[in-house]
Amino acid sequence: MAPFSGVSVHFRGHQQGGSPERLDGSSSGPYLVFRFQLEFSEPAPLYSFLIEGAAFNGAVFRLLDENEIELERDYWPVSGNIFQTIVYEGMPFYGQQFYLEEYDWSSHWRYVSNIEVNTIPEPGAAALLGCGLIALYMAGLRRRG
């Protein structure tokens, strides 16, 4: 739980005792870095998540539902030992339980300093939603008139 509390973690790479599990069970895909279960006290909308760290080596992020069915998959092809912030938006997905996974090619280590999960939309997203609802309402008024 450390990355969710702002505490940095070094995950072991696949050659240093990390997970031997590979993406989609293939014999040539990237290796599992982490799998976190996200559980809420009641169903909630998941709007976005942020991951900060270094050594993203061809990372693949997956968001799964409670039945481990893939909801979203995204690739982060930028590699190297530079600090990076990755933000995934374009949701929401609704549920009470999710899984967040990362797979990559890190052979020795993978550094994660922070993971944030947002169940509240960003202020700009809420404003856009409001504008969209107003536009739909106005379109309905025009049709009726």
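The values are calculated or read from the model by the stated rules, or taken from the named source; none is laboratory data. Everything numeric here is computed off the predicted structure, so don't read it as measured data. Here the Cβ is made from the backbone with ideal geometry for all residues, glycine too, and neighbour counts use every protein chain on show. Note: areas computed on protein heavy atoms with side chains; ligands, DNA, RNA excluded. Shrake-Rupley method; radii C 1.70, N 1.55, O 1.52, S 1.80 Å.
Figures for the structure shown
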item	result
Length-normalised contact order for the range 1-125 - Cα pairs under 8 Å, 6+ apart - percent	41
Approximate spin-label separation ASN81-SER107, in nm, with each point projected 7 Å along Cα-to-Cβ	1.4
Rounded, prolate or oblate (a/c below 1.5 giving rounded, otherwise prolate when a/b exceeds b/c) for the range 58-105 by Cα gyration tensor	prolate
Within the range 1-110, chymotrypsin sites (Phe, Trp or Tyr not before Pro) in DSSP loop having at most 15 other beta-carbon neighbours inside 10 Å	PHE83
Carbon + sulfur, % of accessible area of the range 20-93 - ligands and nucleic acids excluded, 1.4 Å	49
In Å, descending, principal axis extents of the Cα set of the range 1-74	39, 29, 18
Gain on full stretching of the segment that runs from ARG12 to ALA54 - 0.36 nm per residue minus C-alpha separation	13.8 nm
Long-range amide H partners of TRP109 with built H, under 5 Å	GLY13
Residue-normalised accessible area of the range 1-91, expressed per residue, 1.4 Å probe, Å²	55
